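The values are calculated or read from the model by the stated rules, or taken from the named source; none is laboratory data. Worth saying up front: this structure is predicted, and the values here are computed from it rather than measured. Please note: Cβ atoms are built from the backbone with ideal geometry, for glycine as well, and neighbour counts cover all protein chains shown.
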Amino acid sequence: MTTASVVLYNTSKLYLQNVIACLAKSSVSTIYVVDNASVENPQDFVQSLSEKIIYIRSAKNVGYGAANNIAIREAIRQGSTYHLVLNPDIEFAEGTIESIENYMNLNPNVGQVMPKIVYPNGELQYLCKLIPTPFDLIFKRFLPSKMIQKRMNKFQLKFTGYNKPMNVPYLSGCFMFFRVSALNDVGLFDENFFLYPEDVDISRRMHEKYATMFLPTVEVVHTHAASSRTSRKLTQIHIVNMLRYFNKWGWFLDSKRCKTNKQVLTELSNLHNTEHHG
């Protein structure tokens, strides 16, 4: 059984209608819509979108990870095998969820999957990443792109070509397909993070014990507004939560980060070189 959660806060009706339409046509049995005290989408409108929806309204905006945890705990109680966390600005074709389920069924060591993510025009989004350093997440925002291009290419693993399955320690929070037993093992989203680095944190914790796979044979469309770059308030929230992330894991001394990134780069370089010369 597969369940899913979509968190609402200032969410456009069109995005919500589109993502629910995709989920409703899939094998997902229950869609938890967790409303973080927004006013845009009233309960009767949300519930009219699909019979699969269970609407949960939070008394206040508790943050992205905490809101998804409400749904995940319900999914655990329901006995779900897999749980999908996805943004409202996602769309996908019929058969997408079933393809990921089949992959997970065949690979019990995999705790998390992210498919290929593209923009509406089909352009690839580079969302497979190493565990970030403070430079990768904070300082880069204040430097010209030309100065950081080479480093970003490595951080986003662009040299791999994004054309083969790969075990990556940081997968984007826009579409996170989890094995529920693995979530039970490593823990749910860290609710100290209100918004943004909760995906880094849970991916790296999952990667320590399970494979966290990029699956390019499956594709979803992500509109991706990158709102923290255009909103001063969201930029502040982003930076505050990044500070919390590095306070948790370590700023410049993070031995797990160094070891994991070195191992990932070695494995992916060998895979890339084998394909290139093969």
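Structure data summary
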item: Pair list, Cβ under 9 Å, 6 or more apart: the range 183-196 residue among the β-branched types (Val, Ile, Thr), other residue buried (at least 16 other Cβ atoms within 10 Å of the Cβ); result: 186/111; 186/202; 186/205; 186/206; 186/210
item: Residues that are touching a Ser or Thr at 6+ places or on another chain (Cβ under 8 Å) and either buried (at least 24 other Cβ atoms within 10 Å of the Cβ) or in a strand (DSSP E or B) (or both), drawn from the range 1-22; result: 2, 3, 4, 8
item: Unmet criterion (only one of (1) in contact with a Phe, Trp or Tyr (Cβ under 9 Å, 6 or more places away or on another chain); (2) within 23 Å of residue 126 (Cα to Cα); (3) of a type in the set (A, V, I, L, M)) for residue 211; result: (1)
item: Residue within the range 30-38 that is touching a Phe, Trp or Tyr at 6+ places or on another chain (Cβ under 7 Å) and modelled with pLDDT of 95 or more present; result: yes
item: Residue under evaluation residue 150, criteria (1) part of a helix (DSSP H, G or I); (2) more than 22 Å from residue 260 (Cβ to Cβ); (3) at pLDDT below 95, criterion not met; result: (2)
item: Hey, residue 201 crowded, with 18+ Cβ neighbours inside 10 Å, among the charged types (D, E, K, R) and in a helix (DSSP H, G or I) or not; result: yes
item: Verdict on residue 79 being closer than 24 Å to residue 112 by Cβ, under 15 Å from the mean Cα position of the chain (by Cα) and not β-branched (Val, Ile, Thr); result: no
item: Residue in the range 105-124 that is surrounded by fewer than 18 Cβ atoms within 10 Å (Cβ to Cβ), of a type in the set (S, T, N, Q) and touching a residue at least 40 places away in the same chain (Cβ under 8 Å) present; result: yes
item: The range 133-147 - residue that is of a type in the set (A, V, I, L, M) and not in a helix (DSSP H, G or I) and, of those, surrounded by the fewest Cβ atoms within 10 Å (Cβ to Cβ); result: 143
item: Considering residues of the range 153-180 that are in a helix (DSSP H, G or I) and among the aromatic types (Phe, Trp, Tyr) only, the residue farthest from residue 254 (Cα to Cα); result: 159
item: One residue from 185, 190 being acidic (Asp, Glu), under 16 Å from the mean Cα position of the chain (by Cα) and either outside any helix (DSSP H, G or I) or modelled with pLDDT of 95 or more (or both); result: 190
item: Pair list, Cβ < 6 Å and 6+ apart or interchain, from the range 1-19 residues that are among the small types (Gly, Ala, Ser) to residues that are part of a strand (DSSP E or B) and modelled with pLDDT of 90 or more; result: 4/31; 4/84; 5/32; 5/85
